[in-house]
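Just so it is clear, none of the values below were taken in a lab; they were calculated from the coordinates. Fair warning: this is a prediction, and the values are worked out from it, not measured in the lab. Virtual Cβ from ideal backbone geometry, glycine too; neighbours counted across all protein chains shown.
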Amino acid sequence: MSDYEKLMSGCIRCSNCKFIPALQVKSQKFSSICPSIERYNFHAYSGGGKTIIGQAMLKGRIEYTDELLNVIYRCTACGGCDVSCKFFFELEPLEVISELRTHCVESGAGPMPQHKKWMESIELNHNPYGEPHEKRLSWLPKNIGLKEGFETAYFVGCTTSYRRKEIAQATTKIFDKAGMKFTMLGSEEYCCGSPLIRVGARKDALNLMRSNVEKLKSLGIKRIVTSCAGCYSMFKVEYPRYLKTDFEVIHTSELLDSMLRNGELELTKEVPLRVTYHDPCHLGRISEPYTPWQGQMVKVVSRVYIPVPPKVIRRGTNGVYESPRNVLKGIPGLELVEMERIKEYAYCCGAGGGVKSAFPDFALWTAGNRIEEAKATEAEAIVSCCPFCSTNLRDAIKERGERMEFYDLTELVLKSMGGRV
Ligand code: SF4
Ligand code: SF4
């Protein structure tokens, strides 16, 4: 956290990190970017607020209390604040949140008790859901079977394997129909480490990540395909950042997009549906790789410092935004309508950063806001590309008794190929 001290001191408490940039705002109702400040309405809950907490912690002015932990963890680590701040300044509120949580865990204060439960399950079962490891492949269709010996690995992920099996089934059926050659790790696949790193358990995450890298390398894997936005940003951003890996990492939406363009996939059946697309945070604004930087923070004026040489700043503009939209546009009969907050300014589904397990009411409340935004487009269904978003948005649709449907992109692609999950 001390690496960010000078950067943090430049926070001018302008509150821009609470909203999408004014130029992008289409209505007051959907102008917030931060579920945490929108729900709890005290500055401490915002990205800027956590920057102030970080500074106070470094100066020894505050200590961890239950109230403070509640502020630090009632945040989906969605990165909305980060992108909005960088529209005007170049502070990194998401990095501060990540360092603050890591500091919190390493000081013995965090994470939340609910997080500790699934951390034990990761240790024991290699997944956070308390499910037996041997059931990791219970979704696997008999006619597909385990495949190995290829340089491309389909990394299924815990949520897809145990909670959103329809995504794994649709994905492998599409690959099979298209004649794609791919390896699956099967019982060798462990959690990617995303839940751990997001709550600040970085050391545990690194141990898990190292073991995944060993396995992937021993199988000769060069390219990793993921269903989950969380796994994607881990392999795309965190693995190279901490372990210097150089796997090619693609999300199924990118793969399907390129297969469509190359004629390897034919979508012929009409899917008459008006849909809107929800950008998962970890596939979008926080999927940009880190560029290592070494230099000095040089004082410009008062508390304002700039990095010399300049840093490559992650602004969220290079996330995966077009591929899923291209695939949707390639489905005959389907109409895509956009919500007000999209791409790097998309509003979070509410599940990430350990919120779904520790604060389920907040997770559902946030998903409810996103569903309201989807309803305003008059879409019949929300489509997304992440099993975590899928679970939370489906839960909120059910809880609210909405008529809206939810589909993963792969389910609609398979439908259009004439297949069924
Ligand atoms: S983090 Fe950035 S946007 Fe938020 S209050 Fe501080 S300077 Fe303003
Ligand atoms: S990461 Fe998301 S929820 Fe957390 S403070 Fe930033 S915008 Fe708010």
Checklist outcome for this item: For residue 36, the net charge from surrounding residues (Cβ-Cβ under 12 Å; K, R +1; D, E -1) works out to +3
Checklist outcome for this item: Over the chain, the sum of -39500 (n - 2.57) across DSSP H runs of at least four, divided by residue number and rounded to 500 deg cm²/dmol, gives at 222 nm -12000 deg cm²/dmol
Next on the checklist: If you filter the range 1-103 for trypsin sites (Lys or Arg not before Pro), then keep DSSP loop positions with at most 13 other Cβ within 10 Å, what is left?
Outcome noted: 13, 26, 29, 59, 61
Checklist entry - Taking the Cα atoms only, what angle lies between the long axis of helix 113-125 and the longest principal axis of the chain, rounded to 10 degrees? => result 40 degrees
Checklist entry - Using the C-alpha atoms of the chain, what convex hull volume per residue, in cubic angstrom, is computed? => result 136 Å³
Checklist entry - Looking only at 305, 347, 277, which one moves most when the chain is put into a Gaussian network model with springs between Cα atoms under 10 Å? => result 305
Checklist outcome for this item: Fewest-first ordering of 64, 345, 190 by Cβ atoms within 10 Å yields 64, 190, 345
Item to check | Ranking of 75, 191, 104 by count of other Cβ atoms within 10 Å, fewest first | outcome: 104, 191, 75
Item to check | Cα-only Debye scattering, the range 1-110: base-10 log of I(q)/I(0) at q = 0.11, 0.15, 0.19, 0.23 Å⁻¹ | outcome: -0.32, -0.58, -0.91, -1.29
Next on the checklist: Run the paramagnetic zone check for residue 365: 7 angstrom along Cα to Cβ, then residues of the range 318-353 with backbone nitrogen under 14 Å.
Outcome noted: 350-351
Next on the checklist: Quick check: the distance between the Cα centres of the range 327-351 and the range 177-251, to the nearest angstrom?
Outcome noted: 26 Å
Item to check | Estimated vicinal HN-Hα couplings, Hz - the range 291-296 in sequence order (Karplus 6.51, -1.76, 1.60; Gly, Pro = x) | outcome: 9, x, 9, 9, x, 10
Checklist entry - Pick from 56, 379, 358: which is most flexible by mean-square fluctuation in a GNM of the chain where alpha carbon atoms under 10 Å apart are linked? => result 56
Checklist entry - Whole-Hz Karplus ³J(HN,Hα) for the range 50-62, in order, using 6.51 cos²θ - 1.76 cosθ + 1.60 and θ = phi - 60°, x for Gly and Pro? => result 6, 5, 5, 4, x, 5, 5, 5, 5, 7, x, 7, 10
Item to check | Sorted by Cβ density within 10 Å, fewest first, the residues 278, 43, 115 | outcome: 43, 115, 278
Checklist outcome for this item: Given unit charges at Cβ for Lys, Arg (+) and Asp, Glu (-), the dipole magnitude of the chain about its Cα centre in debye, nearest 20, is 340 debye
Next on the checklist: Could you work out how much longer the chain between residue 67 and residue 298 gets when fully extended? Use 0.36 nm per residue separation minus the Cα distance between them, nm to one decimal.
Outcome noted: 79.7 nm
Checklist entry - Based on the alpha-carbon gyration tensor of the range 137-275 and its eigenvalue square roots a ≥ b ≥ c, which shape applies: rounded if a/c is under 1.5, prolate if not and a/b is larger than b/c, or oblate? => result prolate
Item to check | Simple label model, 7 Å out from Cα along Cβ direction - residue 177 to residue 248, nm | outcome: 2.4 nm
Next on the checklist: Using only Cα atoms and rounding to the nearest 10 degrees, what angle (0 to 90) does helix 165-177 make with the longest principal axis of the chain?
Outcome noted: 50 degrees
